[in-house]
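Enquirer: Submitted below is the structure of interest, expressed as structure tokens.
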Amino acid sequence: MRIKLALVLSVLIVILVFAYYSASPAPGEPSPSINETNEPMGNEETSESQSTGKVQQTNTPLPQSVNSPTSVPSKKTFNSSTNPSRDVSVLSGRARDKFIQNLPDLSYFAINKSDRFIVDFEDVIAAHPYPGQRSPAPHNDAQIYFSNSDERWQNERRPSDYPAIYAVADGIITGVDAYSLNDHTDYDPPWWHAKYAFVIAIANEGDVVINFQYMMEPYINLENKPSGFYDQFILVESGQVVKKGDVLGYMYVPPFEQKIGPRASTHIAFALERQGQGNLYMYAPAIFTEDVVAEFGNLWQNPKEGWGSSSFGNDWLRARGVPMGMGWMISANENPFGDWPLDVIAYDGIRDLELDGQAKLNATDIGFFEKDLIFHLDGNGDYVSEEFNIPVEWQIIVASIGGPMSVSATSDQRTMPIYDRGPDGGYWQSISPTIPPGRTFITVSDPSEWGWAIAIAPAGSQYVIPGENTRNPSCPPGCPPLPSPR
């Protein structure tokens, strides 16, 4: 009897050991998750972070999960070497609305700045901040510019060879436009160009959704290209949840022979948009860290290809002499962090009150080479020089931040107007014809104190005026007819 009992116990032990090892995963295999199923959970909201019900964020509060969505979100995978392959969520209906409602208040970005700019700085050559309604030439966005002669963009084989465009914060795509026309057919000569865009909801301000707007403007007219040409440069769709640093698309940088527009420059325009309130109600995009702001500002204080770049566009001049920041001379309505105007915005809207917003030009850097200068001066406001002698024939370059502004030279009791700029205009500069030698003094009128610079050199000296090295565009004149919207 004892032998039979021992035999039975031995068999039972063998069976139990075999069952244990059969149920255990093989070495190197993960153990099954407690939530791992082949079907979505009944309260599944997104494909991200199912255990917490939150989309992971770095610089913004975590949006809360939504119970009982109207539909299970669809999933797709980024086809990009920059983004790791991962499932992403595309929300619609109440799930999308609830996600947006749980985005942080815009004031969060006053302190919690993003360290992810919209592109890599190595890919751009110039920029301008948001020029506010109080500036000489207001504009409703900031811009970054690309070189049409950069060999990296000339040897491309696929969209990912072009500059990557990044999500600056966690959020959700609220709009994608792969084909938009800028109609300038009322100009003489007429022209137009095609662009593309997307926007991310990143915050709320009361009941208003705050979008970060991206507008890609290569300055081409898609001649000999399909209307869907830009589709391949866009990686996202409306309703898609994105994380800071995700690649949203790529910037098409055309070669010179495709570029159109009089002194236009391939660029991305960006700003904070109050959804549903139109492009006239924008905020300066002051959501970036101090390091990002410094690199951004360096792009207009020291353009990588200089002011004589063949990729120059007139829009570059909006930043000439302007202090570093994300916005300049903004009104209270353009301040994302308060209801007061600011000369410069770079921080939280409060520290910015202490910043010096005075634009300053450098007379040694407005055209003539410094070694050739006979006389140079820069300043703000009205000015009359002492009389001085110029022993050779000479020319003068005058630059101004805004108008009204005028410059004259007086010799032998005869006054000659050199420069006269009306009240409605931003930065401008020009060079005089040859002036005979003799004693003279210079008079500057700058009643608004925007700022000016003057430089005198012997007649015939080399100089650089922005735009003079810009190649003639393929059109205008001779642009094809404006196509119908897609």
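Enquirer: Per 10 Å bin, what is the whole-percent P(r) computed from every C-alpha pair distance within segment 108-354?
Expert: All Cα pairs considered, the percentages come to 7, 32, 38, 19, 3, 0.
Enquirer: Run the simple label-point estimate for Thr289 and Ala459 please: 7 Å along Cα→C-beta, distance reported in nm.
Expert: In this crude spin-label approximation the distance works out to 5.6 nm.
Enquirer: Can you pull the Rg over Rh of segment 135-202, Cα-only, Kirkwood? Mind dumping the intermediate values first?
Expert: Working: Rg = 16.0 Å, Rh = 15.6 Å.
Reported Rg/Rh (Cα atoms, Kirkwood Rh): 1.02.
Enquirer: Taking every alpha carbon pair in segment 363-458, what does the distance histogram look like in 5 angstrom bins from 0, in percent?
Expert: 3, 14, 27, 26, 19, 8, 2, 0
Enquirer: Aspartates and glutamates near Lys195 by alpha-carbon distance under 16 Å, same-chain residues fewer than 8 away left out - which ones?
Expert: Asp141, Asp177, Asp183, Glu217, Glu223, Asp231
Enquirer: At a 10 Å Cβ-Cβ cut-off, how would you order Tyr383, Tyr281, Tyr145, fewest neighbours first? Please report the intermediate quantities before stating the final value.
Expert: Numbers: Tyr383 16, Tyr281 13, Tyr145 25.
Result, fewest neighbours first: Tyr281, Tyr383, Tyr145.
Enquirer: From the phi angles alone, apply the Karplus equation (6.51, -1.76, 1.60; θ = phi - 60°) to segment 250-258 and give each ³J(HN,Hα) in whole Hz, x where the residue is Gly or Pro.
Expert: Per residue, the Karplus-derived 3J(HN,Hα) values read 9, 8, 6, 10, x, x, 4, 5, 9 Hz.
Enquirer: Report, by chain and number, residues whose modeled amide H sits under 5 Å from the one on Ser411, excluding near sequence neighbours (fewer than 5 apart, same chain).
Expert: Under 5 Å from the amide H of Ser411: Met416.
Enquirer: Each residue of segment 187-201 in turn: what ³J(HN,Hα) in whole Hz from Karplus with 6.51, -1.76, 1.60 and θ = phi - 60°, glycine and Pro shown as x?
Expert: Per residue, the Karplus-derived 3J(HN,Hα) values read 7, 10, x, x, 7, 7, 8, 10, 9, 9, 7, 8, 9, 10, 6 Hz.
Enquirer: Let me ask another. Can you compute the modelled spin-label distance between Asp339 and Asp207, with each label point 7 Å from Cα toward Cβ, in nm?
Expert: 1.7
Enquirer: Here's another thing I want to ask about it. Which residues' amide hydrogens lie under 5 Å from the amide hydrogen of Gly327, considering only partners 5 or more residues apart or on another chain, with H built in the peptide plane?
Expert: Those lying under 5 Å, H to H, from Gly327 are Tyr130, Ile345.
Enquirer: Here is a follow-up. How large is ³J(HN,Hα), in whole Hz, for each residue of segment 471-477 in order, when computed from phi with the Karplus curve 6.51 cos²θ - 1.76 cosθ + 1.60 and θ = phi - 60°, using x for Gly and Pro?
Expert: Taking θ as phi minus 60°, the curve returns 6, 5, x, 5, 6, x, x Hz for segment 471-477.
Enquirer: Right, something else. Might you report the magnitude of the Cβ-based charge dipole of segment 363-458 about its Cα centre, with Lys and Arg at +1 and Asp and Glu at -1, to the nearest 20 debye?
Expert: Working: 4 positive and 13 negative charges, 43 e Å.
Around 200 debye, computed over segment 363-458.
Enquirer: Please work out the Kirkwood hydrodynamic radius for segment 185-302, using every pair of different C-alpha atoms, and report it in angstroms with one decimal place. Before the final figure, lay out the partial values.
Expert: Numbers: mean 1/r = 0.0602 Å⁻¹.
Averaging 1/r across every pair of different Cα atoms and inverting gives 16.6 Å.
Enquirer: Based on the alpha carbons, how large is the Rg to Rh ratio for segment 174-239 when Rh follows Kirkwood? Provide the component values of the computation, followed by the final result.
Expert: On the way: Rg = 14.7 Å, Rh = 13.5 Å.
Ratio of gyration radius to Kirkwood radius: 1.09.
Enquirer: Give me the extension gain from Lys371 to Glu257: residue separation times 0.36 nm, minus the current Cα-Cα distance, reported in nm with one decimal.
Expert: On the way: separation 114, 0.36 × 114 = 41.04 nm, distance 3.60 nm.
Between Lys371 and Glu257, full extension yields 37.4 nm more.
Enquirer: On to the next question. Can you list residues whose amide H is under 5 Å from Ser180's amide H, if they're 5+ apart or on another chain and H is modeled 1.01 Å from N?
Expert: Lys195
Enquirer: Please list, in order, the residues from segment 408-447 whose amide nitrogen is less than 16 Å from a point placed 7 Å along the Cα→Cβ vector of Glu387.
Expert: Only 409-416, 437-443 fall inside the zone, counting backbone N under 16 Å.
No lab work stands behind these numbers, since they all come straight from the coordinates. Owing to the predicted nature of the structure, the values given are computational and were not obtained by experimental measurement. So basically every Cβ, Gly included, is an ideal-geometry build from the backbone, and we count neighbours across all protein chains shown.
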